[in-house]
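Undergrad: If you scroll down you'll find the structure; I have some questions about it.
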Amino acid sequence: MIDYGSVLNNTVKEIKPSGIRKFFDIAATMDDVISLSVGEPDFQTPWEVRKAGITSLERGKTKYTSNRGLDNLREEINNYLTRKYNISYDPESEILVTVGGSEAIDAAVRAIVSPGDEVIIPQPSYVCYEPIAALAGGKPVIIETKAQDDFKLTKKQLQDAITDKTKLLILPFPNNPTGAVMEQKDLEEISDVLKGTNIMVISDEIYSELTFTNGGHIATASVKGMYERTITVNGFSKAFSMTGWRLGYACGPKEIMSQITKIHQFAIMCAPTTSQYAAVWALKHCDEDVEHMTKEYNRRRRLITKGFNDIGLSCREPLGAFYAFPSIKSTGLSSEEFCERLLSEYRVAVVPGTAFGKGGEGFIRVSYCYSTEHILEALDRIKKFVEGLKK
Amino acid sequence: MNIELLKLLYRNAKYTEEELATMLDISEDEVKAEIKQMTKDGIICGYKAVIDWEKIDNPYVSAIIELNVVPKAGIGFEEVAEQIASYDQVESVYLMSGVYDLNVVVRAKTLQDIARFVARELATMETVNSTATHFVLRRYKELDSKLFIGEKDGRGQLFI
């Protein structure tokens, strides 16, 4: 008999499985559950994009592409980033097409972090950064962003977290789950703190198209002093409703990108060919579709924010991504208790804030990737639940 | 005139004024005033539920009738179209491009009722040259609403 406990990698064994899994499994067994838990667009991939994928298959485009991705896809990624965010990368040496933003993050962290290096991760945030840093032998250093700072990373917090071992800062904005965004002045402050250091930044901007500030999304790399230290990660999942196509990209200084490309080359070879052809079409022709989806998300965002505030669960205006992050502190329940009771008593599934880090206690994450009718029905049930708690 | 307000009402006429105001980021009073004005101007002509009649007993039957009509000098198709539209059985009347002129959707209790209506009322009109009646067998989508059930949220319960 093999003792599997002893054959497994220790770091892997120490990674905690997502606690939310159990919760989702329970929800899946109930047939009258109304969910606001899925962090995936409800829109279909625009038809023209799907057709571009089909056409590529009909034309026999079924082989590997180059490791970095199709030439014209990298060119279109550069055109897109220039057009939208005023940053530019050399398609030959500074852009890598990856299997979703997730692979880009993983490969970038592995390329930069050596054992013992500290990786600063603001939380609440998406759950992948901590385990990825740990797998690379890095030491995650958590900064808890605060509601009173609108869940932004502040200059002070960053200064306090930096040591001589700090190698990398993750900037997960627009943020899942808080909906926080970093605006021009916020990023300038971060740039000031990092000035003169060798600290690199991975800026996960997967939700960039879903930014609802007047100024729109500000790419970290577009801020003075940041370009040379930033790896910009983005992708097609959220902006173009292309989650299942698994396509993202990383852009940054060529000295770093050539090393990231080695990891990608040996672990992945190349991103899916069909998806790459579809993505070329998306970047060239789908600005209007993106605008349409963003407008719809924006309406739902206003509806859900007002809905929670009317119920008495204080909810800051989320300025990015497609989540609201209302406070449930007034109910006296913990985030997990709130979610469990809401699910079992009123059949609504939302995610406890603690799933995204300890700092999420007292909050719940509510996705608005659902039709307005669905959202209104869920709000109605949540209202009844909260009113019942007061009695 | 607020086109975005119209689009939302066309999607779901049951949104409350408060919900419409929130979604459009305008005041409730503005929503009320806009709806009132657009109704007065005949832009908003009515509100209806989308009903799948097949799910109840004794449902209606419907037919689409293609009419070839001789247009009248000066008034064209208007007179006959308005005359046809005045029947209660008639759900909609469209002037068409192509091989026929008027497309009339008729609703009645039975197939025989529709047949009688076509034979007695439509075919006998002086300006109507010919009719072709197509009975509707099944509706799959009506006014943007899908009428088949069992369509589930296909998204996996991934934790993202």
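Undergrad: Regarding segment A:298-307, can at least one residue be identified that is away from chain B (no Cβ under 14 Å), buried (at least 17 other Cβ atoms within 10 Å of the Cβ) and either of a type outside the set (Ser, Thr, Tyr) or part of a loop (DSSP other than H, G, I, E, B) (or both)? Lay out the reasoning, then the answer.
TA: Going residue by residue through segment A:298-307, those that are away from chain B (no Cβ under 14 Å) are none.
The answer is no; no qualifying residue exists.
Undergrad: Mind checking which residues of segment B:29-57 are aromatic (Phe, Trp, Tyr) and not in a loop (DSSP other than H, G, I, E, B)?
TA: B:Trp53
Undergrad: From B:Ala123, B:Ala132, grab the single residue that is surrounded by 12 or more Cβ atoms within 10 Å (Cβ to Cβ), under 26 Å from B:Pro59 (Cα atoms), modelled with pLDDT under 95 and over 19 Å from the mean Cα position of the chain (by Cα).
TA: Only one candidate passes the filter, namely B:Ala123.
Undergrad: Assuming A:Leu8 fulfils every condition listed in (1) within 30 Å of A:Ala324 (Cβ to Cβ); (2) not assigned by TED's automatic domain parsing to the domain that holds A:Ile256 apart from one, which condition is it?
TA: With respect to (1) within 30 Å of A:Ala324 (Cβ to Cβ); (2) not assigned by TED's automatic domain parsing to the domain that holds A:Ile256, A:Leu8 is out only on (1).
Undergrad: Looking at A:Tyr346, A:Tyr370, A:Tyr323, which one is out of contact with any Asp or Glu (no Cβ under 9 Å at 6 or more places or on another chain) and under 30 Å from A:Ala219 (Cβ atoms)?
TA: After ruling out the rest, the residue left standing is A:Tyr323.
Undergrad: Oh, and also: List the number of the failed condition for A:Ser18; all other conditions in (1) farther than 28 Å from A:Val366 by Cβ; (2) within 14 Å of chain B (Cβ to nearest Cβ) hold.
TA: With (1) farther than 28 Å from A:Val366 by Cβ; (2) within 14 Å of chain B (Cβ to nearest Cβ) applied to A:Ser18, the lone miss is (1).
Undergrad: Criterion first (of a type in the set (Gly, Ala, Ser) and farther than 29 Å from A:Arg68 by Cβ) does A:Gly138 satisfy it?
TA: Judged against the criteria, A:Gly138 is not a match.
Undergrad: Could I ask something else about it? Would you mind stating whether B:Asp52 is of a type outside the set (Lys, Arg) and more than 26 Å from B:Tyr10 (Cα to Cα)? I'd like the intermediate steps shown before the answer.
TA: On the way: of a type outside the set (Lys, Arg): yes; more than 26 Å from B:Tyr10 (Cα to Cα): no.
In short, no.
Undergrad: Under 8 Å by Cβ, and 6 or more places apart or on different chains, what pairs join a residue from segment A:29-40 that is away from chain B (no Cβ under 11 Å) and touching a residue at least 12 places away in the same chain (Cβ under 8 Å) with one that is assigned to a strand (DSSP E or B) and not charged (D, E, K, R)?
TA: A:Leu36/A:Val348; A:Leu36/A:Ala349; A:Leu36/A:Val366; A:Leu36/A:Ser367
Undergrad: Condition (residue is under 19 Å from the mean Cα position of the chain (by Cα), buried (at least 23 other Cβ atoms within 10 Å of the Cβ) and touching a residue at least 60 places away in the same chain (Cβ under 8 Å)) applied to segment A:257-265: is it met by at least one residue?
TA: So far as segment A:257-265 goes, no, none of its residues is under 19 Å from the mean Cα position of the chain (by Cα), buried (at least 23 other Cβ atoms within 10 Å of the Cβ) and touching a residue at least 60 places away in the same chain (Cβ under 8 Å).
Undergrad: To continue, here is another question. Limited to segment A:44-67, what total is found for residues that are more than 11 Å from every other protein chain (Cβ to nearest Cβ) and either among the β-branched types (Val, Ile, Thr) or under 22 Å from the mean Cα position of the chain (by Cα) (or both)?
TA: The total comes to 7.
Undergrad: A follow-up question, please. Of these, B:Lys7, B:Lys72, which one is basic (Lys, Arg) and either closer than 20 Å to A:Arg301 by Cα or within 14 Å of chain A (Cβ to nearest Cβ) (or both)?
TA: Exactly one of B:Lys7, B:Lys72 is basic (Lys, Arg) and either closer than 20 Å to A:Arg301 by Cα or within 14 Å of chain A (Cβ to nearest Cβ) (or both), namely B:Lys7.
Undergrad: Among the residues of segment A:274-327, how many are of a type in the set (Asp, Glu) and either within 14 Å of A:Cys369 (Cα to Cα) or in contact with a Ser or Thr (Cβ under 7 Å, 6 or more places away or on another chain) (or both)?
TA: 2
Undergrad: Criterion first (assigned to a helix (DSSP H, G or I), more than 14 Å from chain B (Cβ to nearest Cβ) and either charged (D, E, K, R) or within 23 Å of the chain's Cα centre (by Cα) (or both)) does A:Ser275 satisfy it?
TA: Yes.
Undergrad: Restricting attention to segment B:71-100, which residues are at pLDDT below 90 and either within 20 Å of B:Arg120 (Cα to Cα) or not in a loop (DSSP other than H, G, I, E, B) (or both)?
TA: B:Lys72, B:Gly76
Undergrad: In segment A:28-42, what count of residues is obtained for those that are part of a helix (DSSP H, G or I) and crowded, with 19+ Cβ neighbours inside 10 Å?
TA: Total satisfying the criteria: 0.
Undergrad: Answer with yes or no whether A:Asn72 is away from every other protein chain (no Cβ under 14 Å) and part of a loop (DSSP other than H, G, I, E, B).
TA: On the way: away from every other protein chain (no Cβ under 14 Å): yes; part of a loop (DSSP other than H, G, I, E, B): no.
Answer is no for this residue.
Undergrad: Only residues in segment A:136-156 that are touching a residue at least 12 places away in the same chain (Cβ under 8 Å) and charged (D, E, K, R) count as the first member; pair them with residues that are exposed (fewer than 14 other Cβ atoms within 10 Å of the Cβ) and not in a loop (DSSP other than H, G, I, E, B), Cβ under 9 angstrom, at least 6 apart or cross-chain, and list the lot.
TA: A:Glu144/A:Lys358
Undergrad: Check A:Tyr80 against each of (1) in contact with a Leu (Cβ under 7 Å, 6 or more places away or on another chain); (2) surrounded by 19 or more Cβ atoms within 10 Å (Cβ to Cβ); (3) not polar (S, T, N, Q) and name the one condition it does not meet.
TA: Of everything listed in (1) in contact with a Leu (Cβ under 7 Å, 6 or more places away or on another chain); (2) surrounded by 19 or more Cβ atoms within 10 Å (Cβ to Cβ); (3) not polar (S, T, N, Q), A:Tyr80 misses just condition (2).
Undergrad: Only one of (1) within 19 Å of the chain's Cα centre (by Cα); (2) more than 14 Å from every other protein chain (Cβ to nearest Cβ); (3) polar (S, T, N, Q) fails for B:Asn58. Which number is that?
TA: (1)
Undergrad: Any residue at all in segment A:87-94 that is hydroxyl-bearing (Ser, Thr, Tyr), assigned to a loop (DSSP other than H, G, I, E, B), surrounded by fewer than 19 Cβ atoms within 10 Å (Cβ to Cβ) and in the same structural domain as A:Trp245 (by TED's automatic domain parsing)? Working first, answer last.
TA: The first filter runs over segment A:87-94 and keeps only residues hydroxyl-bearing (Ser, Thr, Tyr), leaving A:88-89, A:93.
With the extra rule that they be assigned to a loop (DSSP other than H, G, I, E, B), the set shrinks to A:88-89, A:93.
Restricting the remaining residues to those that are surrounded by fewer than 19 Cβ atoms within 10 Å (Cβ to Cβ) gives A:88, A:93.
Filter once more, so that each one left must be in the same structural domain as A:Trp245 (by TED's automatic domain parsing): A:88, A:93.
Yes: one or more hits.
Undergrad: From the set of residues in segment A:333-377 that are touching a residue at least 40 places away in the same chain (Cβ under 8 Å) and part of a loop (DSSP other than H, G, I, E, B), which is farthest from the other protein chains (Cβ to nearest Cβ)?
TA: A:Leu333
Undergrad: Okay, moving on. Which of (1) of a type in the set (Gly, Ala, Ser); (2) over 21 Å from B:Lys146 (Cα atoms); (3) touching a residue at least 12 places away in the same chain (Cβ under 8 Å) does B:Ala33 not meet, given it meets every other one?
TA: Looking at each condition in turn, B:Ala33 falls short on (3).
The values are calculated or read from the model by the stated rules, or taken from the named source; none is laboratory data. Please read all numbers here as calculations on a predicted model, not as lab measurements. Note that we place each Cβ from the backbone using ideal geometry, even for glycine, and neighbour counts take in every protein chain shown.
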